[in-house]
Amino acid sequence: MTKISNIALVAFLAGATRTSAECADGVISTFAGDCTHTNFVANLVEGCTEADLFPTLSAQVEEICTYDAPTQFVEIQGTYQKDRRYFAGGSALVDGGNWAVDSGQITRFAANKGSSTIIAWPEYAAREGYNVARGLATEEMPNGYPANMNLYAGCELNTAMCCFTDDGTDDGFAGFAANGDDTTDVCHHELELSRESNFIEEGWSVFPGSETATHCVGFTWTDGDDELIGNMMYDISLRNTANKGYLKSVPGSPMCGCVEHMPVVEEAACRTAAKVGEATYTFTYEAALGEDALSASNAATITYGNCAAADLKAQYVANGGDEALMNEHLVGAGGCEDDLEDYLNEERFLHVGQHPTKYITPDESKWSELIVGEGVYWLPPDLEDAAADAQFRSLIEGGCKNDDGSPRLCMVRRVCSSCSADSHRDIYYQRLTDLPPFGTNRTAGEMYIHDLFMNNWVKKTADGVFINDMGAGDFALYSSYDDALAGDNAWTYCNYGNFDNLGFPRDCGPTGYVGNNWNSYKRSGGHANHHGFYVEKPAP
């Protein structure tokens, strides 16, 4: 995914650029097509050669093509803070200041560049350190993605959406109906999914019956086809505001974000963008600027329009997406009533009667007593880490055997009555290699078993020693005890955190990514609010 960071660019070029007598100031290369080192060199102006610029030109040009050539999203409004507050549903533009002044830069951009340049996905140097600290990026792969739009963590469905509750009629605009923009019913929103914009650690909102007319619109893309996602974000957000006066978010939710962070609604319109012909890239050289001597820009003809499919969910499915995953966010026409009933009864209130996959009571003849849990399974671990680990470890190493009599480690089982995915309501962890030694300093290949399952589902320790890697054969996950005993239907996908307080099983799934079914005893946001861990007993 394109990463935009002027800070990164400056750091990359520092000390590498030198004044050239052969390359005069001004445009030194312009070409149509892909922004590559090859095209850059092939189109250098007469008298300017590769050797005249700087010694590691190839890598530097590729970096400039990535970091500098696309138009920065921040250029549309002018500052990170304006973008941050706008996407969250606030700012002077949204809350009512001087419309002509507050919208002036957006309308000028729309008139002059909105359809004539490739725009980068929103990213800001001011966010880089914060994202690393919050586990939304790594030191090796930093990013500056804003709240609710992090392409590294939290945008796995490759779908973004804006929802507007103000149609602009009070400011003299035509309104939703006159613009032909359908409205939708809003179902509910889990406030912790957008805590960086609403500043609420945990909570939920439901919207039964009718509410203010709301127009939701979004776009979706496939891996590798992301060149214009910045343009599409501009189209559904600031372009809608500038041209139609659309403003204000659903209460408690962002105005725009990846669909995982937006409220659950019935339907959303779908938009797309296309590039007509090839983009033209222009490289400018100004020796006096030293480390900033070389810069790049682009010009392209961009068209905006409705998706080929009828709505956002239909286009997501047409792109090859899993409809079941999108159904968690777009429930379909008339679907809010059923969604609210399911959400309130299955996610927030106790279910009456025995649910087939919830509130499971493990067989005491085959499973230990509760080791640790939350919600209706609440049980804290021993206050002494070593004692807690020793108890857990002794049960796992308790002498279980395979059908052929060969020894194996006993399984860890998590039951989760509040998990949204059926596959995650009963999970079996079969350790296949020896447990690493106990330790709480996150180094030297040590493992604190409680922390691994409760808060920090990691692959390796902080110093890089692998301790829990499914791909290396350390463990296997299953959705049933019978499968685990037979070694059948093991899960094929697993990812891990970076000591970011996201516990078992992060986003691991039977065949692919399954988000927000992790547990954590230190942060909220996952669905596993009611869960408990047990360990298999050896056969008598």
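The values are calculated or read from the model by the stated rules, or taken from the named source; none is laboratory data. Predicted, not measured: the structure shown is a model, and the values here were computed from it. Positions of Cβ are backbone-derived with ideal geometry, glycine not excepted, and every protein chain shown enters the neighbour counts. Only protein heavy atoms, including side chains, enter the accessible area calculation; ligands, DNA and RNA are left aside. Shrake-Rupley method; radii C 1.70, N 1.55, O 1.52, S 1.80 Å.
Numerical summary
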item	result
Only one of ASN517, ASN501 that is open to solvent by less than 10 Å² (accessible area, probe 1.4 Å), within 30 Å of LYS358 (Cβ to Cβ) and touching a Gly at 6+ places or on another chain (Cβ under 8 Å)	ASN517
Filtered residues of the range 456-467 (kept if open to solvent by less than 50 Å² (accessible area, probe 1.4 Å) and either touching a residue at least 24 places away in the same chain (Cβ under 8 Å) or out of contact with any Gly (no Cβ under 7 Å at 6 or more places or on another chain) (or both))	ASN456, TRP457, VAL458, GLY464, ILE467
Qualifying positions in the range 201-227 - open to solvent by less than 40 Å² (accessible area, probe 1.4 Å) and closer than 17 Å to PRO254 by Cβ	GLY203, SER205, PHE207, THR214, HIS215, CYS216, VAL217, GLY218, PHE219
Identity of the residue in the range 109-129, surrounded by fewer than 17 Cβ atoms within 10 Å (Cβ to Cβ) and assigned to a loop (DSSP other than H, G, I, E, B), that ends up modelled with the lowest pLDDT	LYS113
Pairs where the first residue, in the range 123-148, is basic (Lys, Arg) and the second is not in a loop (DSSP other than H, G, I, E, B), C-beta under 8 Å, 6+ apart	ARG127/TYR80
Odd one out for GLU397, checked against (1) over 22 Å from LYS522 (Cβ atoms); (2) under 36 Å from the mean Cα position of the chain (by Cα)	(2)
Evaluation of PHE453 against (1) open to solvent by 10 Å² or more (accessible area, probe 1.4 Å); (2) in contact (Cβ under 8 Å) with a residue 24 or more places away in the chain (one fails), failing number	(1)
The range 530-539: number of residues that are surrounded by fewer than 20 Cβ atoms within 10 Å (Cβ to Cβ) and farther than 16 Å from ILE396 by Cα	0
MET470 being closer than 23 Å to PRO381 by Cα and either among the aliphatic types (A, V, I, L, M) or surrounded by fewer than 18 Cβ atoms within 10 Å (Cβ to Cβ) (or both)	no
Test result for THR66, modelled with pLDDT of 70 or more, assigned to a helix (DSSP H, G or I) and under 27 Å from ASP226 (Cβ atoms)	yes
Near pairs, Cβ below 7 angstrom, 6+ apart or cross-chain, from the range 479-499 (within 16 Å of ILE360 (Cβ to Cβ) and in contact (Cβ under 8 Å) with a residue 24 or more places away in the chain) to any residue that is aliphatic (A, V, I, L, M) and buried (at least 16 other Cβ atoms within 10 Å of the Cβ)	SER479/ILE427; ALA484/MET411
Number of the condition not met by ASP389 [criteria: (1) of a type in the set (Asp, Glu); (2) open to solvent by 30 Å² or more (accessible area, probe 1.4 Å); (3) over 31 Å from the mean Cα position of the chain (by Cα)]	(2)
Residue in the range 402-416 that is small (Gly, Ala, Ser), more than 20 Å from VAL535 (Cβ to Cβ), in a helix (DSSP H, G or I) and out of contact with any helix residue (DSSP H, G or I) (no Cβ under 8 Å at 6 or more places or on another chain) present	no
Among residues of the range 304-325, those that are over 15 Å from VAL217 (Cβ atoms), among the hydrophobic types (A, V, I, L, M, F, W, C) and touching a helix residue (DSSP H, G or I) at 6+ places or on another chain (Cβ under 6 Å), counted	1
Residue in the range 171-192 that is part of a helix (DSSP H, G or I) and surrounded by 15 or more Cβ atoms within 10 Å (Cβ to Cβ) present	yes
